[in-house]
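**Q** Sharing a structure below in structure tokens format, with a few things to ask.
The values are calculated or read from the model by the stated rules, or taken from the named source; none is laboratory data. These numbers were taken from a predicted model, which means no experiment stands behind them. Ideal geometry is used to build each Cβ from the backbone, glycine not excepted, and the neighbour counts take in all protein chains shown. Areas reflect the complete protein model, heavy atoms only, side chains present, ligands, DNA and RNA absent. Shrake-Rupley method; radii C 1.70, N 1.55, O 1.52, S 1.80 Å.
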Amino acid sequence: MRLEASALAYGYREREIGRDIALDLAGGEVLALLGPNGHGKTTLLKTLLGLLPAKGGTLTLDGRPLAAMSVGERARALAYVPQVHAGTFAFAVSEVVLMGRTARSSLFAAPSGHDRDVVRAMLDRLGIAHLAQRPYTEISGGERQLVMIARALAQEPRYVILDEPTASLDFGNQGKVMNQIRRLAGEGLGVLFTTHDPNQALRYADRAMLLRDGRALASGKARELMTPERLAALYGVAIETVRGEDGKLAFLPG
Ligand SMILES: Nc1ncnc2c1ncn2[C@@H]1O[C@H](COP(=O)(O)OP(=O)(O)OP(=O)(O)O)[C@@H](O)[C@H]1O
């Protein structure tokens with residue numbers, strides 16, 4: 001099980017955003033993608049998901065070119081948790097999560113008992129079962145983030161790609177979501193997430209890629225890669241390193 005890109009160039013119709021990307025995500029692994037605002041992380045994620053066509057290079061899922069796969073095949077393999085959006089329609093939270101099941105059945109088929117069971121299990125797993133009947137438009141940004149993760153998991157994908165999954169979460173929920181990410185990898189899924197917090201990459205990712213100007217400044221094992229020097233080069237600010245009593249490192253922007 002592998003999502004693989006090599007010499008990947010990506011961007012929008014008239015505008016290249018990044019190039020020369022080599023990326024390899026296996027089942028059971030967590031990969032973190034870091035980089036300054038506007039340097040091409042979301043655009044890369046959309047390309048890896050097949051939502052934007054690659055502008056060059058190769059992109060394969062389990063050895064098959066992603067571009068040759070049908071929308072349904074891609075949806076059964078890859079789930080996307082986008083940056084939180086407000087939502088326009090007042091669907092109940094459980095209905096929003098149920099939408100994730102359309103990757104596994106026809107859009108027009110009535111949901112089965114099993115579909116409903118999966119939805120309940122995912123709501124429980126994210127600790128949001130109490131929100132099931134609430135309108136999606138009337139819950140908080142952090143709650144919406146958890147609903148979007150539950151929806152992605154309801155797809156029962158092999159890979160989950162999350163764009164800043166903890167951006168609007170309180171401190172406690174940040175930890176819960178990051179622990180869920182590790183648990184998913186423990187269950188054999190390949191997980192890719194973007195973050196603005198190098199400490200999350202350090203603590204929860206196996207590997208990391210530092211993206212600047214659409215190019216990989218560096219990539220490799222998260223613990224070896226994340227040095228104050230590299231982070232300073234990535235973000236263009238001095239980085240302070242703190243060490244806890246347990247010897248664990250953390251970084252602060254200087
Ligand atoms: N639909 C679009 N058409 C053309 N350019 C776009 C489009 N969407 C985004 N861009 C541009 O692509 C570049 C990369 O944006 P992207 O959203 O991938 O960055 P990012 O690293 O995810 O940023 P952030 O950390 O702020 O979320 C930016 O210059 C952005 O303005």
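**Q** Of all residues in segment 221-250 being under 19 Å from Y204 (Cβ atoms), of a type in the set (G, A, S) and touching a strand residue (DSSP E or B) at 6+ places or on another chain (Cβ under 6 Å), which is modelled with the lowest pLDDT?
**A** The selected residue is A250.
**Q** I need the full set of residues from segment 28-41 which are in contact with a strand residue (DSSP E or B) (Cβ under 7 Å, 6 or more places away or on another chain) and under 20 Å from N199 (Cα atoms), in order please.
**A** Hits for segment 28-41 are E29, V30, L31, A32, L33, L34, G35, P36, H39, K41.
Yes/no per residue for (1) surrounded by 18 or more Cβ atoms within 10 Å (Cβ to Cβ); (2) within 16 Å of the ligand (Cβ to nearest atom); (3) at positive phi; (4) modelled with pLDDT of 95 or more:
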site	(1), (2), (3), (4)
L3	yes, no, no, yes
A7	no, no, yes, yes
E16	no, yes, no, yes
G63	no, no, yes, no
A90	no, no, no, no
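**Q** Report, ordered by the first and then the second residue, all pairs with beta carbons closer than 9 Å, sequence separation of six or more or different chains, a first member in segment 163-174 that is more than 14 Å from T42 (Cα to Cα), and a second member that is among the basic types (K, R).
**A** S168/R144; L169/K176
**Q** Conditions: (1) within 18 Å of R125 (Cβ to Cβ); (2) of a type outside the set (K, R); (3) open to solvent by 50 Å² or more (accessible area, probe 1.4 Å); (4) without any contact (Cβ under 8 Å) to a residue 60 or more places away in the chain. G186 meets all but one. Number of the miss?
**A** Result: G186 passes all but (4).
**Q** Select from segment 106-148 the residues that are open to solvent by less than 20 Å² (accessible area, probe 1.4 Å) and either farther than 16 Å from F91 by Cα or free of Cβ contacts under 8 Å to residues at least 24 places away in the same chain (or both) and list them in ascending order. Full working, then the answer.
**A** Applying the first criterion (open to solvent by less than 20 Å² (accessible area, probe 1.4 Å)) to segment 106-148 yields 115, 118-119, 123, 126, 128, 131-132, 136, 139, 142, 145-148.
The answer is D115, V118, L126, G142.
**Q** Run down T194, T241, T227 and say which single residue is within 23 Å of G87 (Cα to Cα) and either within 16 Å of the ligand (Cβ to nearest atom) or open to solvent by 10 Å² or more (accessible area, probe 1.4 Å) (or both). Please lay out each step first, then the result.
**A** Numbers: T241 fails: within 23 Å of G87 (Cα to Cα); T227 fails: within 23 Å of G87 (Cα to Cα).
Result of the check over T194, T241, T227: T194.
**Q** Still on this structure, please answer the following. So K46 passes all but one of these: (1) open to solvent by 60 Å² or more (accessible area, probe 1.4 Å); (2) within 16 Å of the ligand (Cβ to nearest atom); (3) not in a helix (DSSP H, G or I). Which condition number does it fail?
**A** Every listed condition holds for K46 apart from (3).
**Q** Out of (1) under 25 Å from R182 (Cα atoms); (2) within 16 Å of the ligand (Cβ to nearest atom), the odd one out for G28 is which?
**A** (2)
**Q** Return yes or no: is A103 hydrophobic (A, V, I, L, M, F, W, C) and open to solvent by less than 60 Å² (accessible area, probe 1.4 Å)?
**A** Taking the combined requirement at face value, the residue satisfies it.
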